[in-house]
Amino acid sequence: MRFASWRWGGVDHVGLISPDGREATPLACRDAAAGVLPLIESLARGEPLPPAAGPRLPVSAITLRAPLPKPRRNLFCVGRNYRAHAAELAGTVFRDSLPKEDTWPIVFTKTPETVIGPFDTVRLPGRAVTEQIDYESELAVIIGRHGRDIPRGRAMDHVFGYTVVNDVSARDVQVRHQQWDLGKSFDTFCPMGPWIVTADELDGRDTRVRGYVNGELRQDGHTRDMIFDIPTLIETCSRGITLLPGDVIATGTPSGVGMGFTPPRWLRAGDVFKVQIDGIGAIENPFR
Ligand code: MG
């Protein structure tokens, strides 16, 4: 199934998107302003899927919001998780923080307020704040069942589904503060959507992630090339921390980021970045 959040007729709705991505059916969900999160929580409690609450609409007639427009807490994000991406940063200021395969993933967070809809505008903070805006096409895992100390072998049982994010990054700010959170957490720096595809329809361990700047293919990776796979990421993030339904783990970006070019190719006002993931769909966001 594909769960989405949208605005239509001046009201927020949550519902199902048809397999071809063309039709939206609203469901009788409470607190639709919170997106799909209350539904994920009710399904985790074993409650049934709510009934339809209105006629089907063409997706072209609705305004898609982020499926999780305001996550309950910070998004877990994984750094440097594709081999080719780690290699392209080996010549940059990040060369000293490359993960080794026998150690641990890099994990940082983005604040919930970074999240915007799949076609919303990313607002650049201004040159006084940052001059090095970069893009990161990523598969995001949505947790569906709470758990702590989840072993790799049972990790996939905790996945509700998957969505697409752009982990927009200010590289100069990341470097300036040692910790990455500030450079990753500017308002609007996490476009998300267009919906959540449930884990029974897509195996996030086996899909293709692409990113385009103004239509030019820059990133083209496959999730099987992750250094730390999805079960390992869930195991890691749940060590002593209870993961909750609706938690988001952004799994890292493939090679081809702007920072990896010589000279770097930073995003500028007027650029449009599109992330496409096979089996889910695409998000496309202008930068202003
Ligand atoms: Mg990232």
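The values are calculated or read from the model by the stated rules, or taken from the named source; none is laboratory data. No experiment lies behind these values; they were computed from the predicted model shown. As a convention, Cβ positions derive from the backbone with ideal geometry for all residues, glycine included, and neighbour counts pool all protein chains shown. For the accessible areas, the whole protein counts, side chains as well, though only heavy atoms, and no ligand, DNA or RNA atoms are used. Shrake-Rupley method; radii C 1.70, N 1.55, O 1.52, S 1.80 Å.
Taking H as built 1.01 Å from N, whose amide H comes closer than 5 Å to the amide H of ARG218, not counting residues under 5 places away?
Sorted by chain and number, the residues that satisfy this are GLY211, TYR212, VAL213.
Could you order HIS13, HIS177 by accessible surface area, starting with the largest, using a probe radius of 1.4 Å?
Sorted by accessible area, descending: HIS177, HIS13.
Checking the a/c ratio against 1.5 first, then a/b against b/c, what shape does the Cα gyration tensor give for region 2-65?
Prolate shape, in that a/c is at least 1.5 and a/b is the bigger ratio.
Through the Karplus equation 6.51 cos²θ - 1.76 cosθ + 1.60, θ set to phi - 60°, convert the phi angles of region 4-16 into ³J(HN,Hα) values in whole Hz; use x for Gly and Pro.
So the Karplus estimates, Gly and Pro as x, are 9, 10, 8, 10, 8, x, x, 10, 7, 9, 10, x, 9 Hz.
Could you state how much accessible area SER137 has, in square angstrom rounded to the nearest 10, with a 1.4 Å probe and all protein chains kept in place?
About 0 Å², rounded to the nearest 10.
Across region 55-61, in residue order, what do the Karplus-derived ³J(HN,Hα) couplings come to in whole Hz, using 6.51 cos²θ - 1.76 cosθ + 1.60 with θ = phi - 60° and x for Gly and Pro?
Once θ is set to phi - 60°, the couplings for region 55-61 become x, 5, 10, x, 4, 5, 9 Hz.
In whole Å, what is the distance between the alpha-carbon centres of region 117-139 and region 1-54?
28 Å
Please give the Cα centre distance for region 186-260 versus region 75-97, rounded to the nearest Å.
14 Å
With bins 5 Å wide starting at 0, give me the P(r) of the chain over every alpha carbon pair, in whole percents.
1, 6, 13, 18, 20, 17, 12, 8, 4, 1, 0, 0
Taking 35 Å as R0, compute the FRET efficiency from the Cβ-Cβ separation of ARG239 and LEU217 and round it to 0.05.
So the FRET efficiency works out to roughly 0.45.
Which of ALA199, ALA28, ALA86 ends up with the largest GNM mean-square fluctuation for the chain, with Cα atoms connected below 10 Å?
Fluctuation is largest for ALA28.
What dipole magnitude, in Debye to the nearest 20, does the chain give about its Cα centre under +1 on Lys/Arg Cβ and -1 on Asp/Glu Cβ?
That gives the chain a dipole magnitude of about 420 debye.
Probe radius 1.4 Å, ligands and nucleic acids left out: which of LEU202, LEU43 has the largest accessible area, and how do the rest follow?
LEU43, LEU202
Which whole-Hz couplings ³J(HN,Hα) result when phi for each residue of region 21-30 is put into the Karplus expression 6.51 cos²θ - 1.76 cosθ + 1.60, θ = phi - 60°, listed in order with x for Gly and Pro?
Running phi through 6.51 cos²θ - 1.76 cosθ + 1.60 with θ = phi - 60° gives x, 9, 10, 10, 10, x, 10, 7, 9, 7 Hz.
Express the accessible area of region 75-286 per residue in Å², computed with a 1.4 Å probe while the remaining protein chains stay in the model.
Normalised by residue count, the accessible surface of region 75-286 is 40 Å².
Quick one: net charge of ALA155's neighbours, Cβ under 10 Å, K/R +1, D/E -1?
-1
For the chain, what is the percent of antiparallel DSSP beta bridges, rounded to the nearest 5?
For the chain, the DSSP antiparallel bridge percentage is about 90.
Could you identify which residue out of GLU235, GLU201, GLU216 has the top mean-square fluctuation in a GNM of the chain using Cα springs shorter than 10 Å?
Maximum fluctuation in the GNM of the chain, among the listed residues, is at GLU216.
Calculate the FRET efficiency for VAL272 and ARG154 from the Cβ-Cβ distance with a Förster distance of 35 Å, rounded to the nearest 0.05.
Efficiency at R0 = 35 Å is approximately 0.30.
Mind checking region 31-127 for GluC sites (Glu not before Pro) that DSSP puts in a loop (not H, G, I, E or B) and that have at most 14 other Cβ atoms within 10 Å?
Sparse-neighbourhood loop GluC sites (Glu not before Pro): GLU101.
Quick check for me: using +1 on Lys/Arg Cβ and -1 on Asp/Glu Cβ, what's the dipole size of region 2-65 about its Cα centre, in debye to the nearest 20?
It works out to roughly 100 debye.
Work out the FRET efficiency for ALA84 and VAL107 from their Cβ-Cβ distance, taking R0 = 22 Å, and round it to the nearest 0.05.
Step by step, r from the Cβ atoms, then E = 0.60.
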